[in-house]
């Protein structure tokens, strides 16, 4: 078996598994449709607690300062490149006939 065999396998398998019942079951299991607020238990959200932390004012101010600093650096780089990039010039080519539609 190689990569070129995959389309033939999919051609045979997809019609068998891609049924309306299977698609609906996929949405149902995730709680998307019908909407189910209780699809996940509280303990399943625990891994995301690692990122739940308060930002103190000094960290927040430092983040803003870094953002402003990076924007200034990017602006200076754009100005430097603008001088190196030639201005666009009018085209010297032209069509001898208008293409027919």
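Rounded, prolate or oblate, given the Cα gyration tensor of segment 1-43, with a/c below 1.5 counting as rounded? Write down the numbers at each step before the final one.
Values: a/c = 6.15, a/b = 2.40, b/c = 2.56.
Here segment 1-43 falls in the oblate category.
Once the Cβ-Cβ distance between residue 21 and residue 1 is put in as r, and R0 is 30 Å, what FRET efficiency do you end up with, to the nearest 0.05?
Between residue 21 and residue 1 the formula returns 0.55.
Computed from the coordinates by the stated procedures, all read-outs in this text should not be read as laboratory data. Being a predicted model, the structure only gives us computed values, none of them experimental. Cβ sites come from the backbone with ideal geometry, for glycine too, and all protein chains shown count toward neighbours.
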